[in-house]
Amino acid sequence: MEELDDYRTEYHWRVASDASFVRLDKWLAEHAPEFSRSQWQRWIRDGCVLVDGEPVCSPKHTLLPGAEVVAAVTIEPVCVDRPEPRILPVVFEDDHLLVLDKPAGWVVHPGAGHRSGTLMNWLLAYDAALSNLPRAGIVHRLDKETSGLMVVAKTPVAHQQLVAALAARTIARRYWAIAVGRIERKTTVAAPIGRHPTQRVKMAVVPHGKPAVTHVTPLETFGDTATLVQCDLESGRTHQIRVHLAHLGHPLIGDPLYGNAKVRQWPLARQALHASRLTFRHPVHDETMTFHSPLPDDLAELLHTLRAAQ
């Protein structure tokens, strides 16, 4: 989960197998033309671009066919509040809030590289009154490629109470993740997270980062290949689960930013992370509410593949 004060847009590409050899900055400018080539050169030099999992700081770097390119850039969001109609995956709604089950691939709100076509745009079309709330009532967000449950406020009172509950850590968030390797016992990772000191594309466990706590419980192991784990958060730092599991030596399958070659050997187009349970007290009625979301098809299929390989 990313905090709303960190406006990062993350890109993942695979260079075509029949592509010609080309400079990295030129290739990026062609594949993300919303940014100039000179801007890409600055980001490359700042360590915001990885090629095949390694930071590349020279814009002149030659890309090889089949290379994997990951870039993460931080820019203040563009204030775009244009309503755009779309059917939303609403699992609960009353006069005060919405609970949504976000699919992987959905961007939560407009920012650099995503000026429209976001959940925020769709919420504004779903309920015009949400234009009176910060970020159309979005209280917290999920990474683009993370699926699962989110709560959205519909009134100023609900927004104020939910934001306060998030800050007080009384909103319980549970995730399912599929990590590389064998995790045999429950463990708690209490390790501060901040910007990576040399690779600006990444977050990392660093001494002076923000406090972050993740409780990791193994649910099912697949030999030494992978483990289905349950992750319960006490904080919501940028990429927290992805960073903490990588810190343990067990990065998420499908996560090229924090993983290695092992995370890419399975047929998954995104990191194996799903927000499966959300529990909070209703901001007005004060009753405890709990919502569950089953694993989406791509993660369920990955589990089937892992079980079949045993």
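The values are calculated or read from the model by the stated rules, or taken from the named source; none is laboratory data. Nothing here was measured: the structure is a model prediction, and the numbers come from that model. Every residue, glycine among them, receives a Cβ derived from its backbone with ideal geometry; neighbour counts consider all protein chains shown.
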message = Looking at the structure I just gave you, is K202 surrounded by 17 or more Cβ atoms within 10 Å (Cβ to Cβ) and of a type in the set (D, E, K, R)?
response = yes
ask   = Looking at (1) touching an Asp or Glu at 6+ places or on another chain (Cβ under 7 Å); (2) surrounded by fewer than 19 Cβ atoms within 10 Å (Cβ to Cβ), which is the one condition that is false for G209?
value = (1)
query = What number of residues within the range 146-182 satisfy the criterion of being crowded, with 22+ Cβ neighbours inside 10 Å, under 18 Å from I253 (Cβ atoms) and not aromatic (F, W, Y)?
reply = 7
key: One residue from D255, D224 being surrounded by fewer than 21 Cβ atoms within 10 Å (Cβ to Cβ) and in contact with a Lys or Arg (Cβ under 9 Å, 6 or more places away or on another chain)   = D224
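Does the range 86-106 contain at least one residue that is of a type in the set (D, E), at pLDDT 85 or above and closer than 29 Å to A212 by Cα? Step through it out loud before you land on a result.
Filtering the range 86-106 down to residues of a type in the set (D, E) leaves 93-95, 101.
Next cut, at pLDDT 85 or above only: 93-95, 101.
Of the ones still in play, those that are also closer than 29 Å to A212 by Cα are 101.
For the range 86-106, residues of a type in the set (D, E), at pLDDT 85 or above and closer than 29 Å to A212 by Cα: present.
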message = Name the residue that is surrounded by the fewest Cβ atoms within 10 Å (Cβ to Cβ), counting only residues in the range 1-38 that are modelled with pLDDT under 80 and touching a Phe, Trp or Tyr at 6+ places or on another chain (Cβ under 9 Å).
response = A19
Test result for H250, part of a loop (DSSP other than H, G, I, E, B), buried (at least 16 other Cβ atoms within 10 Å of the Cβ) and more than 14 Å from the chain's Cα centre (by Cα) = yes
message = Quick test of your reading of the structure: R173 fulfils all but one of (1) touching a Lys or Arg at 6+ places or on another chain (Cβ under 8 Å); (2) on the phi > 0 side of the Ramachandran plot. Name the failing condition by number.
response = (2)
inquiry  = Name the residue that is modelled with the lowest pLDDT, counting only residues in the range 160-170 that are within 22 Å of the chain's Cα centre (by Cα) and within 13 Å of P134 (Cα to Cα).
reply    = V163
